[in-house]
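The structure under discussion appears below in the form of structure tokens.
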Amino acid sequence: MLASIKQQITLTLRQQLLNRWTGLGCMGLLALTYAALASVIIENFAAQGNFSPIWPPSGLALAALLAGGYRLWPGIALGVFMANYLAGKSLEANLIFVIGNTCEPLIAVWILNWQLKGAGYQNIAGLERPGDYLRLGLAAILSITIGTILCVIGLYLIDELSPRVLTFSMLLWWIANLLGIVIFTPFFLTWRKLPEGWLEGSRILETAAFTGLTFLAGQIVFLEWFHQELGFIARGYWIIVFATWGAIRFGRHGITLVITMTFIQAMIGAAQGTGFFGRDLQESGLINMQLAFLVIAVIGLLLTLIIYELRKSQADMKLAALVYQRSSEAMMVTDANKCIISVNPAFTDVTGYQPDEVIGKNPKILSAGLNSKEFYRTMWQSISTTGKWQGEIQNRRKNGELFTEILSINTIYGPDGAIQGWVGLFSDISEKKRKEELIWKQANYDMLTELPNRRMIYDCLHEEIKRCQRDNRQLALILINLDRFREVNDTLGHLYGDQLLREVTRRLAVFTQGKGMLGRLGSDEFALILSDVNEIGRAGYCVNSILEQLAIPYHLDGEIAYLTASIGVALCPEDAGDVVSLLKCADQAMYTAKREGKNCFFYYTPSMQEAANTRMRLANDLRYAVQRNELVVHYQPIIDLADGSIRKAEALIRWQHPGIGLISPDNFIPIAEETGLIIEIGEWVFRQAAAQVQLCRARYNPEFQISVNKSPFQFKVDPARCHSWFEYLRQLGLPGESIVIEITESSLMEAKNNVCDYLLMLRDDGMQVALDDFGTGYSSLAYLKKFDIDYIKIDKSFVQNLSPDSDDLTLCEAMIVMAHKLNLSVVAEGIETWAQFELLQQIGCDFGQGYLFSKPVPANEFNQLFEKDTVFLLVS
Ligand code: C2E
Ligand code: CA
Ligand code: CA
């Protein structure tokens, strides 16, 4: 850090020193050049007290200060001093010259600076405009007047000038210095940089001719070459030809070269007393010579600069025309009456109109009539106040096609400030717009149903909530979750699933008519926002109709699908006042509908939130339940209906919660499934059951079987792990058939291949499989055949309502007959009465399970059933 600062300081110092040295070097060089130039002039043209008709050093001095800055003035002072010293002037006279000749350029620079008011004399030093040259001349006149007065009066005061010639000397002196500046300042300023292109290609010939002939002409005019052959006076104007040539073809370098060369030759001629100014170096003739040079220099330089300026602006116009023609942006120019006067090719590309079809017409012919009158009014208001306007506008092409353009209009003003017309620049952004729209649609819409997606629904809900709060209205958010959509999707295939979703969308869309919005949140979840439900029951009425509509069978290309939905309703502002909370409420209500058996709807109630909280607490506690030995397995006997003996048992888990007491599996198995704890719990139940079946087989019945419930979530793990169950049995010395696995139909639906592998593995190991809760789900015969099931368990909902003439009896009988045909045994669940027992026995049911025989009981109680040799016999 310190080092870098040090380095920085060193660098800055070095830079300053360098600057100082280059400054000093420049000054020295300037002093030497000045002294040399002045000496040559004094020696050759101003000897014996004569005046030189032109004083080039004053031109050099001003050029030096203009290009290098004020700070070079000591170089001038030194140069003046050296020149006068060499010329043998007295010290007093020398000092007067130093003061006068140094002040002169300083004052000129100061005047120019002041004229440009801080714009910097670098602009003048560039000599690009005729104005620059005129300004230079003006500054020269003023500064020279002061410088001349200073010198001449000073010389008079030290008696070096007689009062007789004072005024005349002053005039000559003044003109000599003025010419010095008018001719030589441009020369030095221009020749600071060498001319470009003079020696390139064929130009070299012209350059040679130009310089050679100028020189020759100078020789002829001023040094009397061929003076016999050519007329004397006529020769004098030849120089104008070269000045013009130089001005037109060689620019500033050319004209300054002509003038300087001519001047040098004229001076040499004059000094030798020969040529055009041969007799003019005497005091009486000086003015003649001076005026001639003044005229040549001023006209020549002004001509050059005027040409130079014109050529620039010409190049600008050429460029502008090129841009206009080649631009990819369409351009249109109108006059003050808004009539089109010109269009470019890009205009034709975009609009399809050829120039002759639109010139003379109002740009309105492009209008598609889609922008309002108000739009055009504000547009013209902006144009009349600010002179311009920019924006998007919809127009129509010649072929009638609509397009969107981004248009900018600018006003053209004349030199007097009056409006001359307008320029319209536009490009077609239709394609860009279309792409943006597509991207927007993809981000905000569901491609399958073309409904707003979750993100869009969130945004709209946010807006709608704000609006309802402002207008004091009530809003209902209705979440519709299809029941068992997955099963339909898996059994019929995705194409049918997509078709089904589109049909669901069509049926739901009816409910958005009036004030509502429908969106798809996820695969089988839809949201309906009803924004004005102030009348009591409107949401309820609507939801009931939705349930009815969705339950109507779906005819899909020859297949019929049945579908229901579970719906949750949350109201704003009652239930929640923001998007996230409202969605959470509706979600909890929907979840409740699912739990309550599906195909129904629930309004959100705060108790749902409580239930959700309880679920969360239970989920936390369940994590430790296994380690803390809070779980127990109860066993419910399964009876052979033919002889009333206990042949099997079902292992059913319970949770002895330290705070809440005994919790039934219905209340915590779903939590275990959601949290993944079901895997660990399932393993644990299996081991308990295995130990129990080992005991029963050893003590009471060597063919005893215990069935274990297996959740669909347990199939999602690696099937290889399942094999470990058989390993475990083997270690206990038990055969595979000592355990029956109870699965539900949804297990067969989900992750089909996994389940298939698993069931095959069970079969190899000798374990049996029972299909639980038969009759409540999709109950597909195809499944029974495909998956090698050993038992079906008729759900207790059928058994509970059994009476001699009931439909349920017919259903049960049908299930039993069908199962037997497929070589399956049947277990009836939930037998609570002897009547149910009798009916089931009559229709040939193999096994029975229910409170009539025993509730699920702890292992020791279960064992006692055997100890007491319990047999359940019908007393008829
Ligand atoms: P499930 O497999 O259908 O079990 C039969 C349920 O019916 C048991 O309820 C049982 O107590 C009950 N039940 C038996 N006989 C009667 C009767 O005569 N009348 C009535 N009303 N009910 C009867 P539980 O023990 O509450 O179990 C509920 C459900 O929890 C089970 O239904 C099963 O799906 C699940 N479950 C229980 N233990 C486990 C387990 O270890 N793992 C898994 N994954 N699920 C289990
Ligand atoms: Ca079961
Ligand atoms: Ca069951």
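The values are calculated or read from the model by the stated rules, or taken from the named source; none is laboratory data. The structure displayed is predicted, hence computed values, not measured ones. For neighbour counting, all protein chains shown are included, and Cβ atoms are generated from backbone atoms with ideal geometry for every residue, glycine included. For accessibility, only protein heavy atoms count, side chains too; no ligands or nucleic acids. Shrake-Rupley method; radii C 1.70, N 1.55, O 1.52, S 1.80 Å.
Let me check against my output: what whole-number percent is the relative contact order of the chain, with C-alpha pairs under 8 Å and at least 6 apart?
Details: 1320 pairs, mean separation 50.6, N = 876.
Worked out over the chain, it gives 6 percent.
Tell me, how many Å apart are the Cα centres for region 174-190 and for region 682-743?
Their Cα centres are 118 Å away from one another.
Using protein chains only and a probe of 1.4 angstrom, how many square angstrom of Thr491 are accessible, to the nearest 10?
The accessible area comes out at roughly 60 Å².
Tell me the carbon and sulfur percent of the accessible area for region 23-190, rounded to whole percent, probe radius 1.4 Å. If you can, show how the numbers build up before the last one.
Details: 5030 of 7120 Å².
In region 23-190, the share of accessible area belonging to carbon and sulfur is 71 percent.
In whole Å, what is the distance between the alpha-carbon centres of region 577-609 and region 462-518?
Between the Cα centres of region 577-609 and region 462-518 lies a distance of 15 Å.
Put Met261, Met616, Met289 in order of accessible area, largest first, 1.4 Å probe: what do you get?
On the way: Met261 45, Met616 130, Met289 0 Å².
Largest accessible area first, the residues go Met616, Met261, Met289.
Counting only protein heavy atoms and a 1.4 Å probe, tell me what percentage of region 488-586's accessible area is made up of carbon and sulfur.
53
Give me the one-decimal Kirkwood hydrodynamic radius in Å for the chain, with the sum taken over alpha-carbon pairs.
Kirkwood hydrodynamic radius for the chain: 39.7 Å.
Roughly how big is region 621-706's charge dipole about its Cα centre, with Cβ charges of +1 (Lys, Arg) and -1 (Asp, Glu), in debye to the nearest 20?
Working: 8 positive and 11 negative charges, 73 e Å.
Roughly 340 debye, rounded to the nearest 20.
Tell me, what is a quarter of the convex hull surface for the C-alpha atoms of region 626-875, in nm² with one decimal?
That works out to 13.6 nm², a quarter of the Cα hull's surface.
From the phi of every residue in region 660-672, what ³J(HN,Hα) in whole Hz does the Karplus formula 6.51 cos²θ - 1.76 cosθ + 1.60 yield, where θ is phi - 60° and glycine or proline is x?
Per residue, the Karplus-derived 3J(HN,Hα) values read 8, x, 6, 10, 7, x, 4, 8, 10, 4, x, 5, 4 Hz.
Please give the calculated 222 nm ellipticity per residue for the chain, where each DSSP H segment of at least 4 residues contributes -39500 (n - 2.57) and the sum is spread over every residue; nearest 500 deg cm²/dmol?
One gets -18000 deg cm²/dmol as the mean residue ellipticity at 222 nm.
Per the Kirkwood formula on distinct C-alpha pairs, the Rh of region 327-434 is how many angstrom?
By the Kirkwood definition, the hydrodynamic radius is 14.2 Å.
Report, as a whole number in µm² per second, the diffusion coefficient that Stokes-Einstein gives for region 411-503 at 25 °C and 0.890 mPa s using the Kirkwood radius over alpha carbon pairs. It would help to have the intermediate numbers written out before the result.
On the way: Rh = 18.7 Å.
The estimated diffusion coefficient comes to 131 µm²/s.
Please compute, over every Cα-Cα pair in region 491-625, the percentage with a separation greater than 26 angstrom.
31
Using only alpha carbon positions, build the gyration tensor of region 387-450, then give the equivalent ellipsoid semi-axes as the square roots of 5 times its eigenvalues, largest first, whole angstrom. Show your work: numbers first, answer last.
Details: eigenvalues 286, 35, 9 Å².
Value: 38, 13, 7 Å, ordered largest first.
Probe radius 1.4 Å, ligands and nucleic acids ignored: give me the carbon and sulfur share of the accessible area of region 681-747 as a rounded percent.
51
So for the chain: antiparallel DSSP bridges make up what percent, rounded to the nearest 5?
Percentage antiparallel, nearest 5: 75.
Please list 3J(HN,Hα) in residue order for region 147-163, calculated via the Karplus relation 6.51 cos²θ - 1.76 cosθ + 1.60 where θ = phi - 60°; whole Hz, with x for glycine and proline.
x, 5, 4, 4, 5, 5, 5, x, 4, 5, 5, 9, 6, 9, 9, 7, x
What is the log10 of I(q)/I(0) for region 796-868, computed with the Debye formula using one identical point scatterer on each Cα and no solvent, at q = 0.18 Å⁻¹?
-0.71
Along Cα→Cβ, 7 Å out, is where each label goes; now give me the distance between the ones at Asp471 and Leu302 in nm to one decimal.
In this crude label model, Asp471 to Leu302 measures out at 7.9 nm.
Can you list residues whose amide H is under 5 Å from Val857's amide H, if they're 5+ apart or on another chain and H is modeled 1.01 Å from N?
Under 5 Å from the amide H of Val857: Tyr635, Gln636.
Return one quarter of the surface area of the convex hull spanned by the alpha-carbon atoms of region 23-190, equal to its mean projected area, in nm².
Projected area, direction-averaged: 9.0 nm².
Using only alpha carbons, build the gyration tensor for region 671-797 and give me the equivalent ellipsoid semi-axes, biggest first, whole Å.
Those come to 23, 17, 15 Å.
Obtain the radius of gyration and the Kirkwood radius of region 748-857 from its C-alpha atoms and give Rg over Rh.
For region 748-857, the value is 1.00.
Any chance you could look up the accessible area of Glu861 with a 1.4 Å probe, heavy atoms only, rounded to 10 Å²?
Its accessible surface works out to 90 Å², give or take rounding.
Under unit Cβ charges (Lys, Arg +1; Asp, Glu -1), what dipole magnitude, rounded to 20 debye, does the chain have relative to its Cα centre? Before the final figure, lay out each step's value.
Working: 75 positive and 90 negative charges, 989 e Å.
That gives the chain a dipole magnitude of about 4740 debye.
Compute the accessible area per residue over the chain, keeping the other protein chains in place, probe 1.4 Å, unit Å².
Each residue of the chain exposes 50 Å² on average to a 1.4 Å probe.
What angle do you read, to the nearest 10 degrees and between 0 and 90, between the alpha-carbon axis of helix 203-223 and the longest principal axis of the chain?
20
Suppose accessible area is computed on protein heavy atoms with a 1.4 Å probe; arrange Ile383, Ile365, Ile679 from highest to lowest.
On the way: Ile383 5, Ile365 60, Ile679 35 Å².
Sorted by accessible area, descending: Ile365, Ile679, Ile383.
Can you give me the angle between helix 579-595 and the longest principal axis of the chain, using Cα atoms only, in degrees from 0 to 90, rounded to the nearest 10?
20
What list of ³J(HN,Hα) couplings, whole Hz, do you get for region 730-736 from phi and the Karplus terms 6.51, -1.76, 1.60, once you set θ to phi - 60° and write x for glycine and proline?
Karplus-based 3J(HN,Hα) across region 730-736 equals 4, 4, 7, x, 10, x, x Hz.
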